[in-house]
1. Determine the pairs where a residue that is farther than 23 Å from Ser162 by Cβ, located within region 116-132, has a partner that is open to solvent by 50 Å² or more (accessible area, probe 1.4 Å) and aromatic (Phe, Trp, Tyr) with Cβ atoms under 6 Å apart, the partner being 6 or more residues away or on another chain.
2. Taking the condition at pLDDT 95 or above and under 18 Å from the mean Cα position of the chain (by Cα), does Asp192 pass?
3. Which one is most open to solvent (accessible area, probe 1.4 Å) among residues in region 23-42 that are of a type in the set (Gly, Ala, Ser) and farther than 18 Å from Gly120 by Cβ?
4. Tally the residues that are assigned to a loop (DSSP other than H, G, I, E, B), without any contact (Cβ under 8 Å) to a residue 24 or more places away in the chain and not small (Gly, Ala, Ser), restricting the search to region 34-81.
5. Any residue at all in region 19-32 that's more than 21 Å from the chain's Cα centre (by Cα) and among the polar types (S, T, N, Q)?
6. What are the residues in region 270-284 that are polar (S, T, N, Q) and under 18 Å from the mean Cα position of the chain (by Cα), if any?
7. Which residues, taken from region 191-213, are within 24 Å of Ser283 (Cα to Cα) and open to solvent by 30 Å² or more (accessible area, probe 1.4 Å)?
8. Mind telling me which of the residues Thr103, Thr81, Thr45 ends up being open to solvent by 10 Å² or more (accessible area, probe 1.4 Å), modelled with pLDDT of 95 or more and under 28 Å from Ile11 (Cα atoms)?
Amino acid sequence: MIETKKLDNEITLYTVSNGTISFSAMNYGCTITNLFVPAKNGEKTDILLGYDTLEGWEAGTSSHNAIVGRVANRIAGAKFTLDGKEYLLDKNDGKNCLHGGNTRWEKMLWNAEKYSDSEGEGVKFTRKSADGEQGMPGNLDLCVIYKLTEKNELVFEYTATSDKATPINLTNHAYFNLNGKGSILNHHLQLDCPKFLKANSELLPTGEIASVLRTSFDFTKEKTIGRDIEKLITEKSDGANAKFAEEIAGSSPAMTNLPFGYDHCFVTNADETKLVRLGEIWSEESEIHMEMFTNQRGVHVYTGNFLEGVGGKGGVTHKRHDAVCFETERFPNAMNEPNFPSCILHPGEKYFHKTILKF
């Protein structure tokens, strides 16, 4: 069942239900506003952070549950070279470019329509990203589908074609909290990811693909997200949290806004040709389980390290670690890392990305 509601003259909210779970999505930013899943007491719990009003979504700066592109995550030095030409991008994260720079897809209007196929029904979003948008080459035709199946699966499908060679790495930046509120550090997480991308103090991949064994990044066996998170500041396998170690050792007020935690790309067993199981997360409190599948080589696990002070649904003011994101993706900064698989889409090729969340 799909219902629609006009939020203003240009923005429509679509609500899709299979009788057990439901989600709502709007054509502003191709954004999922709510995802209701039954908890252990049978009560439907909204497991996505976000806002109660359209004004909140318009003012938000954290990419809540929205489509992210043309290239998700960070691009080193806000530049890259392709076919002998250097492209300069927005520096919106220090000296780097993050989630598309200042021209964010989450703030754009998409075309939207009801959608159904043999898997289920949902919403289809389309738009054209013009040559030069975000400093990127090529006219990019985009299609994003969110749909529900009768097996209680939320499916994400992304396709794109371009008339010029261009980098592409799409994802959805959903902020999950399986209890609907509070910290996610007590959530149980297991990842079928034997390796991860080491990161530096700018949260950029160093280019090294490392084993998770004997590190705090090992989720191959289930553990709570918070079990080893404090160890990240001294972990020799990681440089991303090292610059915060001195602040943590200092006065306690400095910890209030300290953005330490996971903000790393884990390596799946996929190669974009087939779906593989990515892992599972569940909560003892709500007893909600979410199993994840993708065809992408990477999943960027982000533990809401910069959520401190961000407003949310019900008037809440969030704290660090109030959500976790699973951004299925190509490797970040791949256009500048020769050891990473290519993220370049060429004319005549079709980009296809599929991720499934099963409840």
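1. Gly122/Tyr115; Val123/Tyr115
2. Numbers: at pLDDT 95 or above: yes; under 18 Å from the mean Cα position of the chain (by Cα): yes.
When the stated conditions are applied, Asp192 passes them.
3. Filtering region 23-42 down to residues of a type in the set (Gly, Ala, Ser) leaves 24-25, 29, 39, 42.
Those left that are additionally farther than 18 Å from Gly120 by Cβ: 29, 39, 42.
Details: Gly29: 0, Ala39: 18, Gly42: 50 Å².
Applying the filter and picking the extreme gives Gly42.
4. Going through region 34-81 one residue at a time, the tally reaches 4.
5. Just the residues of region 19-32 that are more than 21 Å from the chain's Cα centre (by Cα), to begin with: 19-20.
If we keep only those that are among the polar types (S, T, N, Q) too, we end up with 20.
Yes, region 19-32 has at least one match.
6. Step one: list which residues in region 270-284 are polar (S, T, N, Q), which gives 273, 283.
Hits for region 270-284: nothing passes.
7. Across region 191-213, the qualifying residues are Asp192, Pro194.
8. The unique qualifying residue is Thr45.
The values are calculated or read from the model by the stated rules, or taken from the named source; none is laboratory data. Quantities reported herein were computed from a predicted structural model and do not represent experimental measurements. Cβ atoms come from the backbone with ideal geometry, glycine included; neighbour counts cover every protein chain shown. Note: areas computed on protein heavy atoms with side chains; ligands, DNA, RNA excluded. Shrake-Rupley method; radii C 1.70, N 1.55, O 1.52, S 1.80 Å.
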